[in-house]
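Here, each number is a calculation from the coordinates, and none is a lab measurement. Computed from a predicted structure; not experimentally measured. Backbone-built Cβ (ideal geometry, glycine too); neighbour counts: all protein chains shown.
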Amino acid sequence: MAMKVFGQPMSTNVARVLVCLEEAGVKYEVVPVDFATAEHKSPEHTSRNPFGQVPALQDGDLVLFESRAISRYVLRKNSSELLKEGSLGDSARVDVWLEVESHHFDRPMAVIIYQCLVLPVYFGGKTDEKIVEENLETLRKTFRVYEDRLSRSTYLAGDFISLADLSHFPTAYYLLATPHAGMLDEFPRVKAWIDGMLARPAVIKVIEMMKASA
Amino acid sequence: MPLSPNVVRVAAALNEKGLDFEIVPVDLTTGAHKQPEFLALNPFGQIPALQDGDEVLYESRAISRYIANKYKEDGADLLPAAPASSAAAKLEVWLEVESHHFYPAVADLVFQLLIKPLLGGAPDPIVVDKNADKLAKVLDVYEAHLAENKYLAGDQFTLADVNHMAHLLYLSLTPKAELVTSRPHVKAWWDDISTRPAWQKTVAAIPFPPAA
């Protein structure tokens with residue numbers, strides 16, 4: 001039986017799980033969750049994700065939430081090399097950069113995406129440029145570290161692509177859609193790293209799904 | 001600074017494993033964490049960093065996972081389930097819940113109520129109330145979960161529980177301790193895990209300032 005992913009592909013957290021399913025070559029089905037009708041807060045969905053968020057994953061009797069936990073499960077179940085769990089050192093570096101992604105990249109990016117893309121388009125609101133600028137400054141500090149890191153290895157955790165890299169792609173994709181995509185010109189290695197990821201067949205496929213569900 | 005809850009997170013894991021370790025102080029008040037010597041360990045200029053032989057790691061959750069993996073045979077097994085299993089997946093969910101739901105609310109609350117006063121500032125009541133409300137909603141989810149599960153990942157104490165303990169301790173020292181004590185299953189879970197000998201050892205080593 002195919003795994004079920006609950007949520008819309010346009011959500012960065014759903015897309016993160018989808019790219020892992022694609023990379024692992026797993027059969028899956030996407031079951032949309034309609035935010036417009038507050039389906040994410042329905043008892044049926046909150047029984048899968050008690051925080052009323054997407055994604056959730058169902059694999060037989062197992063129900064999971066939190067995209068990075070789901071991603072690990074999908075990759076482990078299919079013995080993917082994207083976690084490097086056969087090597088203590090390599091997997092530790094993957095884990096470090098997954099944490100960096102969560103705390104130093106995703107945090108400011110979530111605010112930037114909300115202010116620049118979600119608020120004006122879905123809520124008819126006005127971007128708060130001051131908040132955006134504060135978070136862009138945080139993002140620049142993060143990217144300075146990434147630029148240095150990528151001068152020492154091809155990918156974040158080493159000379160191998162891993163979940164740590166791919167975990168960035170949905171959010172990075174949306175950064176390119178904001179008026180601030182040009183900031184990547186200050187970080188040529190980061191830009192090349194993102195471009196490289198966006199050229200992967202699994203990522204291209206998920207981007208098509210993201211566009212189709214927007 | 002050994003008071004930092006993220007440093008305590010790592011110390012808790014090391015003590016569950018019964019390992020010997022040394023805390024090398026990094027004086028945040030003199031900006032030591034932004035000096036080249038420390039940035040070579042953690043380019044984000046934050047504590048903790050871990051040096052284990054040639055291995056240098058940062059991000060407290062990556063460090064505590066590394067300790068649980070490398071020293072699996074020592075002390076309590078904090079990652080007991082086979083990696084590809086459903087039990088391991090459940091553990092992973094609650095590691096992420098700590099990181100993305102519990103931590104953002106409790107860290108800001110603890111900063112306002114405990115750490116800011118130590119640095120000569122005063123708690124901002126608006127920030128305190130906002131984070132207390134956020135944390136209350138999060139702990140409602142924990143209350144429901146812990147009504148069905150003895151520990152976060154199920155029957156066994158795991159890394160998912162360890163990762164909460166530093167902030168639960170600090171929260172218990174604030175006027176917002178009632179967020180935990182008013183929720184019977186969350187309270188019972190904290191009462192249980194905070195009596196673990198390894199945790200007692202961790203707490204004993206925290207250099208709390210003398211009572212005002």
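Placing unit charges on the Cβ atoms only, positive for Lys and Arg and negative for Asp and Glu, gives the protein assembly as shown a dipole magnitude near 340 debye about its Cα centre. Is the C-alpha gyration tensor of chain B telling us rounded, prolate or oblate? Criteria: a/c under 1.5 is rounded; beyond that, a/b larger than b/c is prolate, otherwise oblate. Oblate, because a/c is 1.5 or more while a/b does not exceed b/c.
Net charge near A:HIS104: determine it from the other residues with C-beta under 12 Å of the C-beta of A:HIS104, scoring Lys and Arg +1 and Asp and Glu -1. Please list the in-between numbers first.
Values: positive: A:ARG107, A:ARG140, A:LYS141, A:ARG144, A:ARG149; negative: A:GLU99, A:GLU101, A:ASP106, B:GLU59.
Combined, the nearby Lys, Arg, Asp and Glu give +1.
Charged neighbours of A:SER151, selected by a Cβ distance under 15 Å, balance to +1 (K, R count +1; D, E count -1).
Working ranking of peptides A:1-12, A:181-192, B:5-16 by packing, defined as the average number of other Cβ atoms within 10 Å per residue, highest first, is B:5-16, A:1-12, A:181-192. Along the axis of the charge dipole computed for chain B (Cβ charges of +1 for Lys and Arg, -1 for Asp and Glu, origin at the Cα centre), the listed residues B:ASN69, B:PRO48, B:HIS167 are led at the positive end by B:HIS167. Where both bridge residues fall in the protein assembly as shown, DSSP classifies roughly 75% of the beta bridges as antiparallel. Of the residues B:LEU169, B:LEU119, B:LEU109, the one that moves most in a GNM of chain B with alpha-carbon contacts below 10 Å is B:LEU119.
Counting only helical runs of four or more DSSP H residues, what would the 222 nm mean residue ellipticity of chain A come to if each run contributes -39,500 (n - 2.57) and the total is spread over all its residues? Can you show the working numbers first?
Details: 11 runs with 113 residues, N = 214.
Using -39500 (n - 2.57) per qualifying helix, the result is -15500 deg cm²/dmol.
Between A:GLU133, A:GLU66, A:GLU81, the residue with the greatest mean-square fluctuation in the GNM of chain A (Cα pairs under 10 Å linked by springs) is A:GLU133. Across B:GLU98, B:GLU55, B:GLU148, mean-square fluctuation computed from a Gaussian network of chain B (C-alpha pairs under 10 Å connected) peaks at B:GLU55.
Classify chain A from the C-alpha gyration tensor, please: rounded if a/c falls under 1.5, else prolate or oblate depending on whether a/b exceeds b/c. Kindly include the intermediate steps, with their values, before the conclusion.
Details: a/c = 1.86, a/b = 1.08, b/c = 1.71.
Note, shape of chain A comes out oblate.
Highest average first, the peptides B:69-76, A:32-39 ordered by how many other beta carbon atoms sit within 10 Å of their residues are B:69-76, A:32-39.
About its Cα centre, the dipole of the range B:116-212 is roughly 260 debye, where the only charges are +1 on Lys and Arg Cβ and -1 on Asp and Glu Cβ. Where does the charge balance sit around B:LYS130 when Lys and Arg score +1, Asp and Glu -1, over other residues with C-beta under 14 Å from its C-beta? Spelling it out: positives minus negatives among the neighbours equals -1.
So what is the 222 nm mean residue ellipticity for chain B from helices alone, if each DSSP H run of at least 4 adds -39500 (n - 2.57) and you divide by all residues, rounding to the nearest 500 deg cm²/dmol? Mind dumping the intermediate values first?
On the way: 11 runs with 105 residues, N = 212.
Here the helix-only value at 222 nm equals -14500 deg cm²/dmol.
Could you tell me which residue out of A:TYR122, A:PRO179, B:VAL203 lies farthest along the dipole of the protein assembly as shown toward its positive end? Charges go on the beta carbon: Lys and Arg +1, Asp and Glu -1, centred on the Cα centre. About the Cα centre, the residue reaching furthest to the positive side is A:TYR122.
Order of A:HIS45, B:HIS145 from fewest to most other C-beta atoms within 10 Å? Before the final figure, lay out each step's value.
Values: A:HIS45 22, B:HIS145 17.
Ranked by crowding around the Cβ, least crowded first: B:HIS145, A:HIS45.
Under the convention that each Lys and Arg Cβ holds +1 and each Asp and Glu Cβ holds -1, the size of the dipole of the range B:5-70 around its Cα centre is about 300 debye.
Of all the Cα-Cα pairs you can form in the protein assembly as shown, what percent are over 36 Å apart? Intermediate results must be reported in sequence, preceding the final value.
On the way: 21768 of 90525 pairs.
The calculated P(r) of the protein assembly as shown puts 24 percent of pairs beyond 36 Å.
Of the beta bridges in chain A, as assigned by DSSP with both residues counted there, near 65 percent are antiparallel. Tell me whether the range A:14-140 comes out rounded, prolate or oblate; compute the Cα gyration tensor, take square roots of the eigenvalues as a ≥ b ≥ c, and use a/c under 1.5 as the rounded threshold. It comes out oblate by the Cα gyration axes.
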